[in-house]
1. Out of the stretch 36-49, which residues are among the aliphatic types (A, V, I, L, M) and surrounded by fewer than 19 Cβ atoms within 10 Å (Cβ to Cβ)?
2. Check ALA125 against each of (1) of a type in the set (Gly, Ala, Ser); (2) surrounded by fewer than 22 Cβ atoms within 10 Å (Cβ to Cβ); (3) farther than 14 Å from CYS15 by Cβ and name the one condition it does not meet.
3. Look at ARG95 and say whether it is in contact (Cβ under 8 Å) with a residue 60 or more places away in the chain, open to solvent by 10 Å² or more (accessible area, probe 1.4 Å) and within 22 Å of SER112 (Cα to Cα).
4. Given the criterion farther than 25 Å from ASP114 by Cβ and either in contact with a Lys or Arg (Cβ under 6 Å, 6 or more places away or on another chain) or open to solvent by 50 Å² or more (accessible area, probe 1.4 Å) (or both), identify the matching residue among LEU244, LEU217.
5. Which condition number does GLY195 fail, the rest of (1) under 22 Å from the mean Cα position of the chain (by Cα); (2) open to solvent by less than 30 Å² (accessible area, probe 1.4 Å); (3) among the small types (Gly, Ala, Ser) being met?
6. I need every pair where a residue in the stretch 237-260 that is more than 11 Å from ALA282 (Cα to Cα) and touching a residue at least 24 places away in the same chain (Cβ under 8 Å) has its Cβ under 8 Å from the Cβ of a residue that is outside any helix (DSSP H, G or I) and open to solvent by 50 Å² or more (accessible area, probe 1.4 Å), sequence separation at least 6 or different chains.
7. Listed residues VAL203, VAL231, VAL183; which is aliphatic (A, V, I, L, M), modelled with pLDDT under 95 and in contact with a strand residue (DSSP E or B) (Cβ under 9 Å, 6 or more places away or on another chain)?
8. Give ALA106, ALA159 a once-over and let me know the one that is open to solvent by less than 60 Å² (accessible area, probe 1.4 Å) and at pLDDT below 90.
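The values are calculated or read from the model by the stated rules, or taken from the named source; none is laboratory data. A quick note: this is a predicted structure, and the numbers were derived from the prediction, not measured. When we count neighbours, we look across all protein chains shown, and the Cβ atoms used for this are built from the backbone with ideal geometry, even at glycine. Please note that ligands, DNA and RNA were not included when accessible areas were found on the heavy atoms of the full protein model with its side chains. Shrake-Rupley method; radii C 1.70, N 1.55, O 1.52, S 1.80 Å.
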Amino acid sequence: MILTRGARVTGAVLCAVLAVLVACWLVRDIRAAEFGPLWRYWAGLYDARPKAMPATTAMDAALLVVYVVAAVAALRSSVAATALVATGVITLAVRLPGTWNIGSRAMESSFSDDLRTRALISTFAGLAAGIALIITAGAGRRPPADSYEQTPSRPGPGASVTAFLLLCAAGAVLIAWEVRQVVKFPDIFPDWYLGGDRYAHGVIDPPSGWSTVALALLCLVAGASALFHAVHTRPFGLVAAALLLPGGALGVYRAVHYDLLDHFGSLPTETQLMLVSWLFEAFVAVVVLIALAPRGFADVPGPYGPGHGSGFGPPGYGSAGYGPEPHPGQDSGPYPGQQPPAPGYGYPQGGGFGPPPPPSQPPPGW
């Protein structure tokens, strides 16, 4: 199923609204805290001294990129519907805690009443846009108008295996660190995950534990989808990789800044594992982005689509051979009188290799 033109435009507008909301908060932080101190604060450097408490985190910069790419995908991509769903889901996940956290004492002591009021309005606007994205993706679907219209694509075998292994591993690593947090510091629960009066964070962002668990679940869902070559693998996997990249990249930057890699052998075991985790997260994000960014194989029905017969080859390969079923009284080979290839076969459907070449010798009677 693909999206109607109206649904595409509506989805693009909603993504643009979300991008504008995030961009406004980023501009506010750059002006209030200046970019250099803000960057150091995002990176978690101990000597970061912003002039004002930032309202955003590095995740918001990643979300801005996600919203811009989703707006473009809504207008142009064959997986526009699942891209809108993935964008709506992650928006709901990161904005929902703001409905009960913005009024906490930690927020009152860190941000002014005016800023918190604007944050609450922005949070509800983001939640409304996230819900509208999911509704638009569901209500605006339609079947292809003809056999040459571009249909949703699935990742190929190599990209699917790569995404499955790396995203599931990254999700497991994130969950393992959160288990360590609760076991080693049991007093942080539940404020670390649900927010409260003890931990301040970006006024529009969820608590650290909440965002980590949400990202871990997104990685696991996208990885499991890749195992089955699902159509929604690429949008969900790309969003997961985009949100995974800032944590890993900033962790590596922090390690380089404090020369931790130069003294890796003398560090405590837990610190070594943390460094390896940062490197692994950055590696996973980059590799998954590279693997899933190219368009996959067209999701066409019949013997030419993925999943028929022996598996997941590109359109044009299947266990039923080439071309359509012959009609009575017609030749079955590639001679005069043969019917054109079946709908959805070949280049217009996303990368098929076309019908087989004619035989080297002409048929009898030529």
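1. Residues satisfying the conditions are ALA43, LEU45, ALA48.
2. (3)
3. Numbers: in contact (Cβ under 8 Å) with a residue 60 or more places away in the chain: yes; open to solvent by 10 Å² or more (accessible area, probe 1.4 Å): yes; within 22 Å of SER112 (Cα to Cα): yes.
Yes; evaluated as a whole, the condition is true for this residue.
4. Step by step, each of LEU244, LEU217 is checked, and only LEU217 is farther than 25 Å from ASP114 by Cβ and either in contact with a Lys or Arg (Cβ under 6 Å, 6 or more places away or on another chain) or open to solvent by 50 Å² or more (accessible area, probe 1.4 Å) (or both).
5. (1)
6. Once the first residue is more than 11 Å from ALA282 (Cα to Cα) and touching a residue at least 24 places away in the same chain (Cβ under 8 Å) and sits in the stretch 237-260, its partners that are outside any helix (DSSP H, G or I) and open to solvent by 50 Å² or more (accessible area, probe 1.4 Å) give LEU238/ALA293.
7. One residue alone meets the criteria, VAL231.
8. Values: ALA159 fails: at pLDDT below 90.
Answer to the selection: ALA106.
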